[in-house]
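Derivation of every value follows stated rules applied to the coordinates shown; laboratory data play no part. This one's a predicted model, so the numbers in the text were calculated from it and none came from an experiment. Here the Cβ is made from the backbone with ideal geometry for all residues, glycine too, and neighbour counts use every protein chain on show.
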Amino acid sequence: MNSKACLTPTVLVLGGMLLATPAESQVGRNLGLLNPNLATAAELAEVPGLNGAAVEEIMEGRPFLRMANLHAVVAQHVGEEGYDGVYSVMWVPIDLNDVTDEEILLIPNVGNRMLHEFEEYRPYEALIQFHREIDKYVDDEELARLEQYVYVRIDLNSASPEHILSIPGVGNRMLHEFEEYRPYEAMSKFRREIGKYVDDDEVERLARYVEAR
């Protein structure tokens, strides 16, 4: 698929408000989901079904580089009937091009039919492609809800500031560092240079959203 054909801004209508979805955004617009890699212990304690032991284990185990890793912790403390309650509030965004069926099916209210639609349109070259294809099957409000759970990796060498700032936890200071070391010939350079500013765990958390093409 021609990636340029995917880069057309869309507008979602949610709760009577127009929400512009920029083509540059490669991580879904967050409408309130907690990211367990960034949340405080107090915030995690408010997640339905998580007890103190679960919160402590999540804090000690992060960063979670895959949703499956977080689920392995949650499943020790929450029964299957409670998964939707937890994941309606807390989630590790999943890479649309590198995700298991089991991880997709953990998204609340996603079943086998929608799993098929998620997979049918791979590879996703941009998040706007996900908008266009999944919009065939759900309304704008449901599309906005699903968008929170997903992302498409950005190219370190061509990503716009908007691309980079869509990564959870990245602000203007880190945007500058991402751009300063271009071109990236390999991910090893990204890890080396960004590792000057954050610890190894944070480098790996950031690395899951990017690639050097």
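Rounded to the nearest 5, what % of DSSP beta bridges with both residues in the chain are antiparallel? All intermediate terms of the calculation are to be shown ahead of the outcome.
Working: 6 of 11 bridges.
Beta bridges within the chain, antiparallel portion: roughly 55 percent.
What size of dipole, in debye to the nearest 20, comes out for the stretch 41-87 about its Cα centre when the only charges are +1 on Lys and Arg C-beta atoms and -1 on Asp and Glu C-beta atoms? The partial results should precede the final answer.
On the way: 2 positive and 8 negative charges, 42 e Å.
The calculated dipole for the stretch 41-87 is roughly 200 debye.
Along the charge dipole of the chain, pointing to its positive end and built from +1/-1 on Cβ of Lys, Arg, Asp and Glu, which listed residue (121, 42, 165) has its Cα farthest out?
165
Name the chymotrypsin sites (Phe, Trp or Tyr not before Pro) in the stretch 124-213 that are in a loop by DSSP and that have at most 14 other C-beta atoms within 10 Å, would you?
Working: sites: 124, 130, 137, 149, 151, 178, 181, 184, 190, 197, 209; in loops: 124, 137, 149, 181, 184, 197, 209.
In loop regions of the stretch 124-213 (DSSP not H, G, I, E or B), the sparsely surrounded chymotrypsin sites (Phe, Trp or Tyr not before Pro) are 137, 181, 197.
With a cut-off of 8 Å between alpha carbons and a minimum separation of six or more residues, what is the relative contact order of the stretch 41-87 in percent?
47 percent
In 10 Å bins starting at 0, how do the alpha-carbon pair distances of the stretch 154-211 split up by percent?
Cα pair-distance distribution for the stretch 154-211, in percent: 24, 67, 9.
Charges at C-beta only: +1 for Lys and Arg, -1 for Asp and Glu. How large is the resulting dipole of the chain about its Cα centre, in Debye rounded to 20?
Numbers: 19 positive and 38 negative charges, 132 e Å.
About 640 debye.
Taking every Cα atom in the chain, find the radius of gyration and the maximum pairwise distance Dmax, and write them in Å.
So, for the chain, Rg and Dmax equal 17.2, 48 Å respectively.
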